[in-house]
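Chemist: My structure is below; once you've seen it, I'll send some questions.
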Amino acid sequence: MPLHLLKLAVGIDVLDQLRRVRAAREKERGGSWVYTRNRPRRGAEVLAGGSIYWVIRGQIRVRQLVTGFRTGREEGGRGYCLIEVDPRLVPTWLRPWRPFQGWRYLPPADAPPDRSGGGEPPPEGMLAELRALGLL
C-alpha cells in the first residue's frame, strides 16, 4: 500500500477556497506542485500511488495524488523540494487532525476514504456518532 503525505492548508477556511487557490497557482506556475524545504526520504513509497492529504481547519478534507518530486537550490544555497501533484482535488470523509508544521507521513490505515459524489459531507455531529460506533 502506498504511503501518503499530510499538509496543513494554512489560511484556508473551506474546501472551495482551496480549490480556487490551487487553480490560481496552477495557472500562474504552469503546473501543480507544493513547495517544501525537505524532500520525503520515503518518496518511492509515496510515488507508489500516494496522495497529499490537506488539513483544513482541523480536519482532513481533501487529497491530491502525488505524481513526482523535483529538488533544487535557492539563490542562498538552501535546498527545496517541489511535490508535484495532480491538479484534481478529491474530497474525503472528514478526519480530525491536530496542527503541525511542514508535512507529515500519513500511513494508509489513517487516511480517510474518498467521498463519492463530491457533495457536502454529513454534519460533524453525525460523523462523530458514526466514528464512535466504529462505522467510519
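Chemist: Give segment 72-97 a look and list any residue that's part of a loop (DSSP other than H, G, I, E, B) and more than 17 Å from L18 (Cα to Cα), or say none. Explain how you work it out, then say what you get.
Modeler: The first filter runs over segment 72-97 and keeps only residues part of a loop (DSSP other than H, G, I, E, B), leaving 74-78, 86-89, 97.
Passing the criteria: E74, E75, G76, G77, R78, W97.
Chemist: Does at least one position in segment 95-107 carry a residue that is under 30 Å from G134 (Cα atoms) and touching a helix residue (DSSP H, G or I) at 6+ places or on another chain (Cβ under 7 Å)?
Modeler: no
Chemist: Look at segment 103-117 and say how many of its residues are surrounded by 12 or more Cβ atoms within 10 Å (Cβ to Cβ) and touching a strand residue (DSSP E or B) at 6+ places or on another chain (Cβ under 6 Å).
Modeler: Total meeting the criteria: 7.
Chemist: Moving on. Failed condition for L94, given (1) surrounded by 20 or more Cβ atoms within 10 Å (Cβ to Cβ); (2) at pLDDT 95 or above, with all others met?
Modeler: If we test L94 against (1) surrounded by 20 or more Cβ atoms within 10 Å (Cβ to Cβ); (2) at pLDDT 95 or above, just (2) comes out false.
Chemist: Does E45 satisfy the condition of being out of contact with any Asp or Glu (no Cβ under 9 Å at 6 or more places or on another chain), without any contact (Cβ under 8 Å) to a residue 24 or more places away in the chain and not small (G, A, S)?
Modeler: The answer is no for E45.
Chemist: Considering every residue within segment 50-60, establish whether at least one is buried (at least 18 other Cβ atoms within 10 Å of the Cβ), of a type in the set (G, A, S) and assigned to a strand (DSSP E or B).
Modeler: Yes, segment 50-60 has at least one match.
Chemist: Among (1) of a type outside the set (S, T, Y); (2) open to solvent by less than 20 Å² (accessible area, probe 1.4 Å); (3) assigned to a loop (DSSP other than H, G, I, E, B), where does R22 come up short?
Modeler: Just one mismatch for R22, condition (3).
Chemist: Being open to solvent by 20 Å² or more (accessible area, probe 1.4 Å) and on the phi > 0 side of the Ramachandran plot, is that true of even one residue in segment 32-44?
Modeler: Among the residues of segment 32-44, not one is open to solvent by 20 Å² or more (accessible area, probe 1.4 Å) and on the phi > 0 side of the Ramachandran plot, which makes the answer no.
Chemist: Sticking with this one: For the subset of segment 20-42 comprising residues that are among the small types (G, A, S) and touching a strand residue (DSSP E or B) at 6+ places or on another chain (Cβ under 9 Å), which member is modelled with the highest pLDDT? Show your work before the answer.
Modeler: Going residue by residue through segment 20-42, those that are among the small types (G, A, S) are 23-24, 30-32.
Filter once more, so that each one left must be touching a strand residue (DSSP E or B) at 6+ places or on another chain (Cβ under 9 Å): 31-32.
Details: G31: 91, S32: 94.
Restricting to residues being among the small types (G, A, S) and touching a strand residue (DSSP E or B) at 6+ places or on another chain (Cβ under 9 Å), the top hit is S32.
Chemist: Among F69, F100, which is the only one that is in a loop (DSSP other than H, G, I, E, B), open to solvent by less than 50 Å² (accessible area, probe 1.4 Å) and modelled with pLDDT of 90 or more?
Modeler: Answer to the check: F100.
The values are calculated or read from the model by the stated rules, or taken from the named source; none is laboratory data. Note that the structure is a prediction, hence the values are computed from the model and not measured. Cβ: placed from backbone, ideal geometry, glycine included. Neighbour counts: every protein chain shown. For accessibility, only protein heavy atoms count, side chains too; no ligands or nucleic acids. Shrake-Rupley method; radii C 1.70, N 1.55, O 1.52, S 1.80 Å.
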